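Dropping the structure in here first, questions after.
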Amino acid sequence: MNSILQSYLAYKEEIDKAIFRTLSSGTYIMGTEVAGFERSLAEYLGVKYAIGVGNGTDAIQIGLRAANIGPGDEVITVSHTAVATVAAISQSGAKPVLVDVNPRTYTLDPEQLPIVFSERTRAVIPVHLYGHPVDIRPIMDFCQEHNLTVIEDCAQSHGASIGGKKTGSFGDVNAFSFYPTKNLGAMGDGGAVVTDDPNLAKQCRAIRQYGWLERNNSKIPGINSRLDELQAAILSVKLHYLETENKRRQRIAQLYDENLPNVETPHRNAGVTHVFHQYVIQTQYRNELQNHLAAQGISTQVHYPIPVHLQDTYRGSVKTAGSLHCTENLCTRILSLPMHPWLEDEDIMEICKSINQFFST
């Protein structure tokens with residue numbers, strides 16, 4: 001049984017009630033379910049405003065456009081990320097500029113920022129990849145010094161924190177995805193933009209619905225990207241269980257840590273809470289290990305096998321910080337092991353046993 005189905009069955013009664021309530025209301029777009037989820041999400045994150053949108057890619061694009069970033073502007077982010085991060089920059093009309101990552105945390109290396117900074121740089125998008133928060137403070141310092149907008153990509157960091165402060169509460173306007181596989185996942189697409197800035201919140205609300213500040217009058221260029229009532233109702237149920245599920249992910253990670261002596265296990269910076277959207281190991285024998293595990297019915301993945309700057313549509317056409325050696329090296333070594341809250345301790349021990357058998361032969 002896949003983890004998405006398990007996440008529904010775990011809360012089936014509550015989710016079914018929420019769906020029935022929504023269907024019975026007769027309001028399916030921009031109603032009380034969306035408004036209620038937006039309030040709950042903002043409170044959970046410790047921010048003032050949350051704006052539900054169609055997906056995480058739109059959330060980044062809307063955040064950029066709300067900050068008046070577009071054609072002629074440059075936006076710095078990493079090449080080791082889901083391509084959605086970079087696609088959103090392109091959708092805004094701005095130019096992505098790709099930098100390398102820290103080899104231990106897999107997140108944006110702040111020392112790369114001065115290398116690519118130019119008079120056209122307008123924003124930085126740090127990605128909290130795999131559930132580990134980026135080293136945000138030097139990034140914020142650099143951006144404040146140069147008057148740059150910070151947009152946190154929190155698609156994989158629901159509930160992660162730095163010094164007790166949730167990811168999504170540091171930047172100017174920040175983006176979440178609720179794709180079904182996320183730590184907080186819908187049963188379809190969904191996303192949110194969050195901010196403490198009332199003007200940015202107002203702009204985001206307008207952009208997500210045709211640029212309306214008042215109905216049927218587009219004051220600014222907008223798009224159609226709305227979180228629907230059904231997904232909001234489902235997310236409201238699942239938000240209640242996010243902390244519990246994240247604790248289970250952390251327990252699974254601990255078991256992996258304790259029982260995998262032959263691979264490089266995930267690093268955690270001091271003072272951060274890692275929520276393990278993925279549990280990513282490193283080994284020079286990645287392909288052989290993956291084949292070994294597959295032969296025993298253990299499914300693994302590589303996130304992400306081709307760096308964005310080497311993908312066909314971006315190769316040679318996107319500005320980078322010179323050689324992205326760490327990113328290119330990681331893509332040959334990383335492997336995501338099974339990670340979701342419905343795994344039992346016994347499952348983890350069997351996976352570890354199989355990995356250790358591989359290294360003992």
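Just so it is clear, none of the values below were taken in a lab; they were calculated from the coordinates. Keep in mind that this is a model prediction, so the values were computed, not measured. Every residue, glycine as well, gets a Cβ built from its backbone with ideal geometry; the counts of neighbours run over all protein chains shown.
Work out the charge dipole of the stretch 1-124 with +1 on the Cβ of Lys and Arg and -1 on the Cβ of Asp and Glu about the Cα centre, then indicate which of N2, F37, A84 is farthest towards its positive end.
F37
Go ahead and run the numbers for FRET between M349 and N217, Cβ-Cβ distance against an R0 of 51 Å, rounding to 0.05.
0.25
Relative to the Cα centre, what is the charge dipole magnitude of the stretch 3-239, using +1 at the beta carbon of each Lys and Arg, -1 at the beta carbon of each Asp and Glu, and rounding to the nearest 20 debye?
The calculated dipole for the stretch 3-239 is roughly 500 debye.
Step through the table entries K48/K238; K166/K247; K182/K202; K166/K202; K182/K247, compare each Cα-Cα distance with 24 Å, and write down the pairs that go over it.
Pairs exceeding 24 Å: K182/K202.
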